[in-house]
Amino acid sequence: MARVVNTSLLNTIKKHGAKRNLDVSACFNCGNCTAVCPLAKDSGGFPRRVLRMAQVGMEQELLASEEIWRCYACGECTQTCPRQADPAAFMAAARSYAISRYDFTGLAALANRSVLGNLFVFALFSAVFSGLLFARMNPGQPDLPLFHFIPGEWIHAIGVALFAVVGISAFFGIASMVWRNWRQQTQQGHTLPLSTLPRAVYSAISDALLHQRFQQCDAESAASDRAELPWYQRPWLVHASVMGGFLAMLLATTLDFLFKPIGSPVPPWYPMRLLGAIGGLVCLYGLSIVLLRRAQGKDHPYTKSSFSDWFFPVLLTVTVLTGLACEVIVYLPSPATTGHVLFFAHVVFAMDLVAMLPLTKFAHVLYRTVALALFAWRHAPEKAEVSVGVEA
Ligand code: SF4
Ligand code: SF4
């Protein structure tokens, strides 16, 4: 079968990692990165093989590969690369490129290729959501409760429409990835029995939620600078705090909308309010470590941060901070103009965050989980054979 080669693939991926001064062409295929990568033992040739795909223009193979998503950005490979090709930064740029290609709207490509594009998409969403909220806002009355200042039903309606649009966009992005991967696997003669799919999905979701491989990578990185970090600053715990805190806030907001009359007063110990506040604080802990270490830029994976590396944690931090402020303001006798402004900003930032989920680095939450499932699915029959052999 004829193989289509994209001669500009490497240059295009470089644009997605421009601020990291990415120079993948320096790679001379020595294999040091494969020797140290904690994932290479169950995926031979990783990550060198993916770099090679970019060098020779194997675009379809790269987009079909689940390997770019399995990478934990630990930076072990970059530390040992004798050519400063920075394979860890390449993997991050390749993920950004893949997100742009899976997205059918073209907004992801715009947001991920340049700082201006990223700011334009953010400003566009902010303008749309501000306009929608402004249409039903009741300004000039500082005593109005928050959900009367902007009617709760109106926020609910925009939220439902937003989740529907983002869900459709994410569905098509994931379908694009899965289709490419499935086509490649079947062309290579791999069998993917449906009977092993549920187990693969279960293992992927538990890995993503519990950060099992992330913890393993941390434990195995005894020779790296991460081994000197105190336990509470270990990358897996920091990442788990950001993700767990975010999921707790999302769950609290969803349950609130489903089971509580909009805007009805509840005490601070109301379970959903408590869950949201604790989730916010946990998320804030993880974010503060991420931002501090990015600012210091001393250890991997924080040494060379691009604009998009900053954008997502900063947007999430601002959203959480304004959200926690609203949690307090709601119990004040009068929210006053400051409270109204904070509430308006929080709702716009939260909607921006959801709208940008399938378009930016944030999308790794989705693609990574699916990639883990695809990998587990492909390897399930092999594992079964090995275990049968051992028992015999
Ligand atoms: S990225 Fe660096 S370590 Fe990996 S194969 Fe290329 S030159 Fe060697
Ligand atoms: S960053 Fe870590 S997980 Fe990713 S390819 Fe390099 S060594 Fe492997």
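Every number in this text was worked out from the coordinates using simple rules, so none of it is lab data. Here the structure is a predicted model, which is why all the values come from computation and not from measurement. Cβ sites come from the backbone with ideal geometry, for glycine too, and all protein chains shown count toward neighbours.
Local charge for Trp69 was computed over the other residues whose Cβ lies under 13 Å away, with Lys and Arg +1 and Asp and Glu -1, and equals +3.
If you bin all the Cα-Cα distances of the chain at 20 Å, starting from zero, the percentages per bin are 25, 55, 19, 1.
Scalar couplings 3J(HN,Hα) for segment 129-145, obtained by applying the Karplus form with A = 6.51, B = -1.76, C = 1.60 to θ = phi - 60°, are 5, 4, x, 5, 5, 4, 4, 10, 6, 10, x, x, 10, x, 8, 5, x Hz; x denotes Gly and Pro. Sorting the segments 159-172, 258-271 by their residues' average number of neighbouring beta-carbon atoms within 10 angstrom, most packed first, yields 159-172, 258-271.
Relative to the Cα centre, the charge distribution of the chain, modelled as +1 at Lys and Arg Cβ and -1 at Asp and Glu Cβ, gives a dipole magnitude of about 800 debye. Exposure proxy for Asp23, Asp86: other Cβ atoms within 10 Å of each Cβ, ordered fewest to most, give Asp23, Asp86.
Neighbour counts of other Cβ atoms within 10 Å put Glu153, Glu67 in the fewest-to-most order Glu153, Glu67.
Applying 1/(1 + (r/R0)^6) with r as the Cβ-Cβ distance of Ala325 and Val56 and R0 = 51 angstrom yields a FRET efficiency of 0.45.
The 3J(HN,Hα) values that the Karplus relation (6.51, -1.76, 1.60; θ = phi - 60°) gives for segment 85-90 are, in residue order, 6, 6, x, 5, 5, 4 Hz. Gly and Pro appear as x. Within the shell defined by Cβ-Cβ distances under 12 Å, the residues around Val4 carry a net charge of -1, with Lys and Arg each +1 and Asp and Glu each -1. Segment 309-333 and segment 112-132 have their alpha-carbon centroids 19 Å apart. The alpha carbon centroids of segment 177-202 and segment 36-85 are separated by 21 Å. Using just its DSSP H runs of length 4 or more, each adding -39500 (n - 2.57), the chain gives a mean residue ellipticity at 222 nm of -22000 deg cm²/dmol after division by all residues. Taking 0.36 nm per residue of separation and subtracting the current Cα-Cα distance, fully stretching the chain between Trp269 and Tyr202 would add 20.8 nm. Considering all alpha-carbon pairs of segment 9-102, what whole percent are spaced by more than 21 angstrom? Summing the P(r) of segment 9-102 above 21 Å gives 19 percent of all pairs. Expressed as a fraction of 2.2 N^0.38 Å, the value expected for a compact globular protein of N residues, the C-alpha radius of gyration of segment 313-362 is 1.25. An oblate overall shape is assigned to segment 141-277, the ratio a/c of its alpha-carbon gyration tensor axes (a ≥ b ≥ c) being 1.5 or greater and a/b not exceeding b/c.
Taking other Cβ atoms within 10 Å as a rough exposure proxy, Val5, Val314, Val178 sort from fewest to most as Val5, Val314, Val178. Remark: spin-label model distance Lys41-Trp182 equals 3.3 nm, labels positioned 7 Å along the Cα→Cβ axis.
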